[in-house]
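Here the structure is laid out as structure tokens; the discussion comes afterwards.
The values are calculated or read from the model by the stated rules, or taken from the named source; none is laboratory data. Computed from a predicted model, the values in this text were never measured in an experiment. Cβ coordinates were reconstructed from backbone atoms using ideal geometry, including for glycine residues, and neighbour counts include every protein chain displayed. Side chains are part of the model used for accessible areas, which takes the heavy atoms of the whole protein and leaves out ligands, DNA and RNA. Shrake-Rupley method; radii C 1.70, N 1.55, O 1.52, S 1.80 Å.
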Amino acid sequence: MIDVMRLPVTVLTGFLGSGKTTLLNQWLRHPQVQDTLVIVNEFGEVGLDHLLVAHQQDQPMVVELNNGCLCCQLRSDLKQTLKDIHWRFSRNGVRQFKRVVIETSGLADPAPILHTLMTDSYVAAAYQLDGVVTVVDSLLGRATLEQHPEAVKQVQMADRILLSKTDLVDNPARKELHAALQRLNAMAPISQLDTTLVNTTGLGLLFGIGVEHSFPHWLSMLAAPVSHGAEVTTLSLELQQPIPNVDFEQWLALLREYDNPRLLRFKGVFQIEGEQNPVAVHRVQHVLHTPEPLRHWHGHHQRSQLVMITQSGIGQEERQLLQPLARFVGLRIV
């Protein structure tokens, strides 16, 4: 049962590109979650997720932790953030939020977050875990679980499993994924992400889970932390000026044709010459999603930002892919 004197914390996790930010957008449009503070963590030096989340508050309440992977480096930073937000987001001594959502990196092991919530005396006195919600990509979920132990751990730690992109798979494939998820975590209910999750009934799948009594389940998982190691590399780019549309379309065709499986995730926000709204580009492994104009953009400047996450380093093929953007960007590997 949730203690009303302590703030409930929902941990939102899921592998790279599973649809966590899309779900956050849906949540934050609902009037009942306007008093939610979101902590966004990213793997990579250039932060994008906080810019892609459509906040409706007059003063968006977002704390971004983007100087490393939460499962590896940010346990102490998260602890300090949870301590600081009480006064950072208060007016006249009154806290301006009633719940917290922590969106983890797609490569993060959720266990250190739970460890912080359970073991730090100050944090445990002020917060309690409401639940771990894991988003799984229906199209790529089976392959992801077979190739990436981080994704397996995220499913194993879940109180709720939400399936995204279900319209992209047929019933047999959906049933196979469902069975695989149940083998990993038979206790977590599995639901499909659709428009019902943004209404009042759907919010019951996301909030009010109340899993504090299940802490022994996570304690057994904490003994086997997952590390993504040095084989995962992040390439961060910032383009100093808007891109002519013809250059953008030509480069997009190259990204569409690129077929090296070591590309785990690409996401970018592109400022196009002559266009008022920037364009978001997402690629999850081999799947390139249709570019989408950002109608309600909260960015602070006109520079494009890109993040590429690869396995086994940055090779010649990746450099060739980025070469057409060379005259727009100062390149750095992080």
### Task
Within the stretch 193-206, identify whether any single residue is under 30 Å from GLN128 (Cα atoms), modelled with pLDDT of 85 or more and open to solvent by less than 50 Å² (accessible area, probe 1.4 Å), and answer yes or no.
no
### Query
Which condition breaks for ILE243 when tested against (1) touching a helix residue (DSSP H, G or I) at 6+ places or on another chain (Cβ under 9 Å); (2) open to solvent by 50 Å² or more (accessible area, probe 1.4 Å); (3) modelled with pLDDT of 85 or more?
(2)
### Query
Taking the stretch 280-334, which residues are at pLDDT 80 or above, more than 22 Å from HIS148 (Cα to Cα) and among the hydrophobic types (A, V, I, L, M, F, W, C)?
ALA280, VAL281, LEU306, LEU321, LEU322, LEU325
#### Entry: Residues satisfying the stated conditions in the stretch 7-28, i.e. open to solvent by less than 10 Å² (accessible area, probe 1.4 Å) and in a helix (DSSP H, G or I)
LEU23, LEU24, TRP27, LEU28
### Summary
Over the stretch 84-110, the set of residues among the aliphatic types (A, V, I, L, M) and open to solvent by 40 Å² or more (accessible area, probe 1.4 Å) is VAL94
### Query
Any residue in the stretch 29-40 that is in a helix (DSSP H, G or I), modelled with pLDDT of 70 or more, touching a strand residue (DSSP E or B) at 6+ places or on another chain (Cβ under 6 Å) and surrounded by 18 or more Cβ atoms within 10 Å (Cβ to Cβ)?
no
### Task
Report whether or not ALA188 is free of Cβ contacts under 8 Å to residues at least 60 places away in the same chain, on the phi < 0 side of the Ramachandran plot, in a helix (DSSP H, G or I) and small (Gly, Ala, Ser).
no
### Message
Is it the case, given these coordinates, that LEU177 is in contact with a Gly (Cβ under 6 Å, 6 or more places away or on another chain), under 21 Å from SER18 (Cα atoms) and either in a helix (DSSP H, G or I) or at pLDDT 85 or above (or both)?
### Response
yes
### Query
In the stretch 140-174, how many are surrounded by 20 or more Cβ atoms within 10 Å (Cβ to Cβ), part of a loop (DSSP other than H, G, I, E, B) and in contact with a helix residue (DSSP H, G or I) (Cβ under 8 Å, 6 or more places away or on another chain)?
2
### Task
Check ASP167 against each of (1) in contact with a Lys or Arg (Cβ under 8 Å, 6 or more places away or on another chain); (2) among the acidic types (Asp, Glu); (3) under 24 Å from GLN26 (Cα atoms) and name the one condition it does not meet.
(1)
### Message
For a quick check of your reading of the model, give me the residue pairs whose first member lies in the stretch 81-110 and is within 17 Å of THR21 (Cα to Cα) and assigned to a strand (DSSP E or B), whose second is open to solvent by 10 Å² or more (accessible area, probe 1.4 Å) and β-branched (Val, Ile, Thr), with beta-carbon atoms closer than 9 Å and at least 6 apart or on different chains.
### Response
GLU103/THR21
### Message
Condition (residue is in a strand (DSSP E or B) and either in contact (Cβ under 8 Å) with a residue 40 or more places away in the chain or open to solvent by 10 Å² or more (accessible area, probe 1.4 Å) (or both)) applied to the stretch 112-128: is it met by at least one residue?
### Response
yes
#### Entry: Among (1) open to solvent by less than 10 Å² (accessible area, probe 1.4 Å); (2) β-branched (Val, Ile, Thr); (3) at pLDDT 80 or above, the one test that THR81 misses
(1)
### Query
Name the pairs: first residue in the stretch 231-251 and within 28 Å of GLY106 (Cα to Cα) and in contact (Cβ under 8 Å) with a residue 60 or more places away in the chain, second residue of a type in the set (Asp, Glu) and open to solvent by 30 Å² or more (accessible area, probe 1.4 Å), Cβ to Cβ under 8 Å, at least 6 apart or on different chains?
THR234/GLU45; SER236/GLU45
